[in-house]
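Written out below as structure tokens is the structure these notes cover.
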């Protein structure tokens, strides 16, 4: 009795099947990798936007509680209520109200804060007292990382306000520094009425925000 041939796959058929399986797997992996990369990129962008918005919101809260109160620095010199820009010691330094006091310490509700750019980071310094001594140390907090530059522009009076296209404010002629020029016991630097803050990033992106100081 003669047995029939058993059905099976030839070596060529097996190799073709393996090649098709590998091709389908490669396409699936590439598609999945693209989706994962897209999701990670979107998450990184969202986190970056949140970080930037948080930094601008902190600055907005501080400037929204600005008060015209000069202070003495650690060298005994008088600092105006607000100074800043390229010619100033700090990027931006001013006095604000509304310093929360949950523990009920005997202290003022006013606080001196500095904003500065260091090691590609935007930092906020807050002092425990208004008029500082030589050993007074600030409390630094890094608000924003990966910063290329920060530029400021100041509006001295409402009469100097000019509009650009549409209803946009033209800040091109605003001074880039707000510092004490005249010296003497009677000299006093009045605060600006508004300022623009522009933050630049290494990828070329730039974000600007206009802040109006509260009326005095």
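The values are calculated or read from the model by the stated rules, or taken from the named source; none is laboratory data. Bear in mind that the values here come from a model prediction, so they are computed numbers and not experimental data. Cβ sites come from the backbone with ideal geometry, for glycine too, and all protein chains shown count toward neighbours.
Give 93, 108 a once-over and let me know the one that is crowded, with 19+ Cβ neighbours inside 10 Å and without any contact (Cβ under 8 Å) to a residue 60 or more places away in the chain.
On the way: 108 fails: crowded, with 19+ Cβ neighbours inside 10 Å.
Answer to the check: 93.
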Report summary line: For residue 199, the lone unmet condition from (1) surrounded by 16 or more Cβ atoms within 10 Å (Cβ to Cβ); (2) at pLDDT below 90 is (2)
Report summary line: The condition from (1) in contact with a helix residue (DSSP H, G or I) (Cβ under 9 Å, 6 or more places away or on another chain); (2) surrounded by fewer than 14 Cβ atoms within 10 Å (Cβ to Cβ) that residue 207 misses is numbered (2)
